[in-house]
Every structure is written in structure tokens, then in C-alpha cells.
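Below: the structure, in C-alpha cells.
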Amino acid sequence: MSDTDTQMALSYTSYLALDDLLAAQRPRSDEHDELLFIVIHQVYELWFKQILHEALYLQEHLAAGHTAHAIRTLRRILTVLKVVVAQIDVLETMTPSQFTSFRARLDASSGFQSAQFRELEAVLGRRDERVFAHYPEGGEARQRIADAMSRPSLFDSYIGYLAVSGYPVPTGRDVTKPLEPSPALQEVLLQVYRDDSGQSMVAEHLVDFDEGMQEWRYRHVKMVERTIGDKSGTGGSSGAGYLRSTLFAPMFPDLWAVRSQL
């Protein structure tokens, strides 16, 4: 088949694999609202995939010291994250009784099993082996999360970017360990902010990213509270109780710690 024939054969439907995509919603009940629940969560997974894709691209730009490209990529991530948060408004059009009408059909499935979100948390610096409880050994999902935990986090990449930019950042951090506040790094960050250059703009966009993730967590827990109250979540999770425990924990603690010193 020639290139021309191939181009003619390609259509909107085939390029986007719409036959597969639109057949991927398989409600387990006849309840009207189950389709909305499925679509919303599938769209979340697509956005998580895109954020992971952009985060890797961002780390590559940071490693190369490409300030303008890093800022543009961060702006895209932040825009996607706003859409992710806004989708909760759609989910909240479903009342508690409407959710209850099909909730039992979810069996052991739970948002806690979202491997892509766990991978994103790892990219952003979370190092917690308890997340593996939902993923069997030898599985692809578990391996992706483990690989992300073994690589430099996004903030580690930012520290490397500062080094490429000539700042005397501390070295030797074990990237497999959780991020901890570093007074020595905070001194460098204070200088970055005093210089008021591209490096400080990247830092501010990272703060926006951190704040956006905290906003997502807050909106998520409030949505769960208004839908099921303090009931246990699907799959035996602790529901809103666990989600509340994750609120207001910064991903990049040093970028928040320096605020009071500026």
C-alpha cells in the first residue's frame, strides 16, 4: 500500500481508535448514572497519562538547562491539572442516592488502585512501599511505580537544573528516599529568588503544581464526603478518612519553607 493509500485510509475514527474507546464503557447495572461515573474516571486516567508524559518531558528539559521549554511544559501541566480538578464539578452532579444505586456493583474496585496516579505521586517524590499492596509482584503496574520510585523525582530534576545553571546545590541525595526539607538547599533557593531570573520562575510554577495537586486532593475528599460521608470506600479502603490524611502535605517542602524567609 502506498503512502497516499495509507493517508486516504486513515480517518478520524481510526486515528483516534474511537471504536475501541467508545466500547470501553461497560456499566454493570442499568442505572443511568453509572455511565457518567465510568466516563469521568476513564478521562481521569487519560489525563494522568498525559501529565506523566509531560512530566518526563519536563525532566528532560530541566536536565538540559532549557528554561523556556521547562516553563512552557509546566504551564501545560498546570492547565491540564485545572481541567482534572474541574471534572469533580461534573461528578458532583451525581447525588449520594444515585451513586448508591450502583455502588455495590463496583465490588473490590477502588480509585486507590489507579497505578498511574501512584506513578505520578512517585514522579513527584513519594517513596512509600505501602502503595504496592494493590499491585501483585511481577505485574507491569507495580514495576512502573517501582521504577518511578528508583529514579530522580521532579524536584530532584529541578535541583539538577539549578546545578546546571551554576547554583551550588547540595549533592549526594539518595533519590530512593522521601524528600525532606534541607536548610542548605533553602539557602540556595533564597538566592534563586533574589536573582529573580528564569530559575525562580520555574520554582514558582513548581509551587503552582504543588498547590494544584493539593487542590485536587481537597476537592476529591470533599466530593467523597458529600457522596458517601464517612462510609468505607470501595475495595475496603477507609474512604474520606484516608483522603483527609493526605491533605496539605506539600510535594516540594523546601519551596514552601523559603516563603517565610523572602
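Across segment 15-54, the qualifying residues are those that are at pLDDT 95 or above and of a type in the set (Gly, Ala, Ser), and the one among them that is surrounded by the fewest Cβ atoms within 10 Å (Cβ to Cβ) is Ala23.
Criterion first (buried (at least 21 other Cβ atoms within 10 Å of the Cβ), in contact (Cβ under 8 Å) with a residue 40 or more places away in the chain and either within 18 Å of Gly65 (Cα to Cα) or out of contact with any Cys (no Cβ under 9 Å at 6 or more places or on another chain) (or both)) does Leu189 satisfy it?
Values: buried (at least 21 other Cβ atoms within 10 Å of the Cβ): yes; in contact (Cβ under 8 Å) with a residue 40 or more places away in the chain: yes; either within 18 Å of Gly65 (Cα to Cα) or out of contact with any Cys (no Cβ under 9 Å at 6 or more places or on another chain) (or both): yes.
For Leu189, the condition - buried (at least 21 other Cβ atoms within 10 Å of the Cβ), in contact (Cβ under 8 Å) with a residue 40 or more places away in the chain and either within 18 Å of Gly65 (Cα to Cα) or out of contact with any Cys (no Cβ under 9 Å at 6 or more places or on another chain) (or both) - is met.
Restricting Gly241, Gly229 to residues that are within 24 Å of Ala133 (Cβ to Cβ), more than 17 Å from the chain's Cα centre (by Cα) and either hydroxyl-bearing (Ser, Thr, Tyr) or at pLDDT below 90 (or both) narrows the list to Gly241. Yes or no: Arg127 modelled with pLDDT under 95 and over 30 Å from Glu34 (Cα atoms)? Here the answer is yes, as Arg127 does meet what is asked.
Taking each residue of segment 52-75 that is in contact (Cβ under 8 Å) with a residue 24 or more places away in the chain and among the small types (Gly, Ala, Ser) and looking for partners that are part of a loop (DSSP other than H, G, I, E, B) and surrounded by 17 or more Cβ atoms within 10 Å (Cβ to Cβ) with beta-carbon atoms closer than 7 Å, six or more apart or interchain, yields Gly65/Ser165. Of all the listed residues (Arg76, Arg142, Arg127), the sole one being touching a Phe, Trp or Tyr at 6+ places or on another chain (Cβ under 8 Å) and of a type in the set (D, E, K, R) is Arg142.
Yes or no, residue by residue, for (1) part of a helix (DSSP H, G or I); (2) buried (at least 18 other Cβ atoms within 10 Å of the Cβ); (3) in contact with a strand residue (DSSP E or B) (Cβ under 6 Å, 6 or more places away or on another chain):
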site	(1), (2), (3)
His69	yes, no, no
Arg72	yes, no, no
Val83	yes, no, no
Ala86	yes, no, no
Asp89	yes, no, no
Gln98	yes, no, no
Ala104	yes, no, no
Glu119	yes, yes, no
Arg127	no, no, no
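So if I check each of Pro136, Pro170, which one is part of a loop (DSSP other than H, G, I, E, B), more than 20 Å from the chain's Cα centre (by Cα) and at pLDDT 95 or above? Among Pro136, Pro170, only Pro170 is part of a loop (DSSP other than H, G, I, E, B), more than 20 Å from the chain's Cα centre (by Cα) and at pLDDT 95 or above.
The values are calculated or read from the model by the stated rules, or taken from the named source; none is laboratory data. Keep in mind that this is a model prediction, so the values were computed, not measured. Note that each Cβ is placed from the backbone with ideal geometry, even for glycine, and that neighbours are counted across all protein chains shown.
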